[in-house]
Each structure stands twice: as structure tokens, then as C-alpha cells.
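S.K.: Here it is, the structure in full.
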Amino acid sequence: MYKIGIIGDRDSVLGFMALGFAVHEIQNGEDAGKKISELVKSGEYAVIFITEDLALVTEEERAKYKDMPLPAITVIPSSKGSRGYGMANIKSAVERAVGADILFKDSE
Amino acid sequence: MAEIRVNPTRMEMKKLQSRYTTARRGHKLLKDKRDELMKQFLEVVREDKALRERVEKALELYYKGFSVASASANPKMLEESLICPKKEGKLEVTYKNMMSVTVPEFSYSEAESEEAAAQSFNYGLAFTSGDLDVSLRELGGILEDLVRMAELEKQAQLLAEEIEKTRRRVNALEYIMMPQYLAAIKTIKMKLDENERGNTTRLMKVKDMMLEEQRRAGKEVQEEEEE
């Protein structure tokens, strides 16, 4: 059995406590990077959600675990609202696979 | 293009020909694999995109509600009321084989204790605002979508990696290996043909020379007889 973790600022993640997520309150990017590595290495987490703001500054760490089957590190918008970074991730996966962006070009 | 340097012998040509056939079969198989991977990948990505749009919208609503609730509550009290979850989520992970890519599948189930099930929230209603209840219920509603989204995004990442690899292999076979083999086979064939022609002309020349010699020898014999 695995845990679901969430990394983000206080306002964004507090409510997830009530759902039984393992909440990790992080303010700055450096700590977030360390936290990601720590959670992945512990092996207890299958899913780690991370808020967009922190995802932007921890690209390096996330890239390391991108091609591993577990855990899934998924970007969610923070309490400041979505800046479309999660969508950009899907887009980059499409570009990587297909070589061109074929899903999003109509919407722009 | 760098050519393969080989000895122009029939043996080598045979070897190259069989390698070419193998390469062609491999190329066809990999191409099929790439197409099927692409099909499955696009299915996953389309669903993921729709799901993300929905989830992001729902999360935005939730954040709005929650910030109202947290503004009207004492921060300590708020944390206290959230800290013991009513639901204990169980996340099981199984692995699925998608075109020989191992991808995880998450299944989320809630195990509620009987005592907890009796209450609708994990905190007393007396000291918290109604906004909190509403926003938390909203969040609970998208929980499954969140897990599904994580699953789909992971699958998309893994499939994308595999497609990239397969595409490289297909291209390497199609544009480098197979033309190289063909070129090498052609070179050997031309060399062999050239040798063959050289041999024929040599034989013809030798035959001519022998005939000439015979003719001359015959002449000499005649002359002797005449004498």
C-alpha cells in the first residue's frame, strides 16, 4: 500500500490533509527539490502532487524521476491559480513522442 | 554515408544479404510497434487533457472556497480540524503492460472506520464555518480524478519515452543500416561481375593466342613438307 504525498505552500495544501494525503509544507524551491528526492527515495509514495510554483523551480529533480514507473509526480495548480504549467507538461510529452505538437495547436 | 568495407567475396555477400533481410523484418516490426504505441499514447493524452481541464477548474473553485473558509477561521483551529482525516485512503498500485512498457495503474479506495462514517466531517461543526465543509466536499469529489490524472500523466510520460526510442530505432534502420547494407551488396556484386568479365576476356584472349600458335605451327609443318 502506498501513500499520496503533496508538496506546496500552506494555503494550497492544507485542505488535502483532510483527505488523508501526506502533506509537506514547503516555501522555497530548494527545499522542495530536496523533499522530492526524499519522498522518492523513501519508496512509500506512489503519487506525489506538487504545486505549479514549486514545480517550476524543481524541474531538474522531477526530470530525474520522469522515466521511472513510480512515483508519478503530478503538477497541480496552487492556490494562486493555474498558469497552465500542467498543460505545458502534457504538451511537451506529445512533442517528445510525436515530434510535433498535434493536440494543442488548434487551441492557440 | 560511411560505407561498410568488406571483402568482395560471395561469402560476404551472402552474409550481408541475410543481415539485410533481418534488418528489413526488424524495421517492419518496429514500425508497427511505433504506430500502435502512438495510437495508445494519443488515447491516453486525449483523456488526460480533458481530465486536467476539469480538475484544474474544480481545484480553482475549491481554492476559492477554502480561502474564504480559512480567512474566517483561526489558523490553529483550522489545522486542528483538518489534521485527523476521516477517510483513510488506500492506494494500490498494479502494473500493466502496454506494448511492453510497464506502466502503473492506481486504484484508490477509501476505508472508513464505522465511527468515522457516522460523522460527515472529521471535525466538530461548532467551531468551523460552513464554507469549510463545502470546499472540502468539493475536494473530496475530485479526489478520484486527481489520482486518475496522476496515473494517466505517468503513463503518457513512459509511453512518450518508449515512442522516442522506437522512432530512433526505426529511423536508424531505415536511413542508415539498410542503405548501407544495400550499398555494400551492390559493391560486391559489381566487383564480382567485373572479375567475371575480366576472366571471360582473358579466356578469349588465351584462346585466340592458342589458335594463332596452332595456325603458325600448321604453316611451318606445311612448309617443311613442301621442301
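S.K.: Among A:48, B:4, A:89, whose Cα projects farthest towards the positive end of the dipole of the protein assembly as shown, with charges put on the beta-carbon of Lys, Arg (+1) and Asp, Glu (-1)?
M.R.: In the protein assembly as shown, that residue is B:4.
S.K.: Right, next: Assuming R0 = 51 Å, can you tell me the calculated FRET efficiency for the pair residue A:34 and residue B:35, based on Cβ-Cβ distance, to the nearest 0.05? Don't jump to the answer; show the numbers that get you there.
M.R.: Working: r = 42 Å, r/R0 = 0.82.
Efficiency, rounded to the nearest 0.05: 0.75.
S.K.: Using Cβ contacts closer than 10 Å as the measure, can you line up B:173, B:203, B:136 from fewest to most?
M.R.: Ascending Cβ contact count within 10 Å gives the list B:203, B:173, B:136.
S.K.: Assuming a ≥ b ≥ c are the square roots of the Cα gyration tensor eigenvalues, decide whether chain B counts as rounded (a/c under 1.5), prolate (otherwise, with a/b larger than b/c) or oblate.
M.R.: prolate
S.K.: Looking at B:175, B:217, B:106, which one has the Cα that reaches farthest to the positive end of the dipole of chain B (charges on Cβ: Lys, Arg +1; Asp, Glu -1)?
M.R.: Farthest along the dipole direction, towards plus: B:217.
S.K.: Given +1 on the Cβ of Lys and Arg, -1 on the Cβ of Asp and Glu, and no further charges, what dipole in debye does segment A:3-80 carry about its Cα centre, rounded to the nearest 20?
M.R.: 240 debye
S.K.: Go ahead and estimate [θ] at 222 nm for chain B from helices alone: -39,500 (n - 2.57) per DSSP H run with n ≥ 4, summed, over the residue count, rounded to 500.
M.R.: -27000 deg cm²/dmol
S.K.: Same structure again: For segment B:166-195 and segment A:51-108, write down the distance between their C-alpha centroids in whole Å.
M.R.: The two parts, judged by their Cα centres, are 41 Å apart.
S.K.: Another question, then. Sort B:98, A:17 so the one with the fewest other Cβ atoms within 10 Å of its own Cβ comes first.
M.R.: By the 10 Å Cβ count, ascending, the order reads B:98, A:17.
S.K.: Across peptide B:54-64, what mean number of C-beta atoms from other chains lies inside 10 Å of a residue's C-beta?
M.R.: Per residue, the number of nearby Cβ atoms from other chains is 4 on average.
S.K.: Averaged across the residues of B:155-162, what count of C-beta atoms belonging to other chains lies within 10 Å of each residue's C-beta?
M.R.: The mean count of partner-chain Cβ atoms within 10 Å per residue comes to 6.
S.K.: Normalised by the empirical 2.2 N^0.38 Å for globular proteins, what value does the Cα Rg of segment A:3-80 take?
M.R.: 0.97
S.K.: Tell me, A:68, B:177 in order of fewest to most beta-carbon neighbours within 10 Å? Present the calculation step by step, with values, prior to reporting the outcome.
M.R.: Numbers: A:68 14, B:177 19.
Final ranking by Cβ density, sparse to dense: A:68, B:177.
S.K.: Shifting gears a bit: Using a 10 Å cut-off on Cβ atoms, rank the peptides B:39-49, B:8-18 from the highest mean neighbour count down.
M.R.: Packing proxy ranking, top to bottom: B:39-49, B:8-18.
S.K.: So what's the back-of-envelope 222 nm ellipticity for chain A, counting only DSSP H runs of four-plus at -39500 (n - 2.57) apiece and dividing by all residues, rounded to 500? Please report the intermediate quantities before stating the final value.
M.R.: Working: 5 runs with 44 residues, N = 108.
Calculated mean residue ellipticity at 222 nm is -11500 deg cm²/dmol.
S.K.: Tabulate in residue order the Karplus-calculated ³J(HN,Hα) for segment B:41-51, using 6.51 cos²θ - 1.76 cosθ + 1.60 with θ = phi - 60°, rounded to whole Hz; enter x for Gly and Pro.
M.R.: Rounded to whole hertz, the list is 4, 5, 4, 4, 5, 4, 5, 4, 5, 4, 5.
S.K.: Further question: For the protein assembly as shown, take N as its residue count and report Rg(C-alpha) divided by 2.2 N^0.38 Å.
M.R.: 1.78
S.K.: Compute, for the protein assembly as shown, the length of the dipole vector about the Cα centre, with Cβ point charges of +1 (Lys, Arg) and -1 (Asp, Glu) only. Units Debye, rounded to 20. Write out the running numbers ahead of the final one.
M.R.: On the way: 53 positive and 60 negative charges, 185 e Å.
So the magnitude is around 880 debye.
Values quoted throughout were computed directly from the atomic coordinates according to the rules given, and no laboratory measurement underlies them. All of these numbers come straight from a predicted model, not from anything done at the bench. Note: ideal-geometry Cβ built from the backbone for every residue, glycine included; neighbour counts use all protein chains shown.
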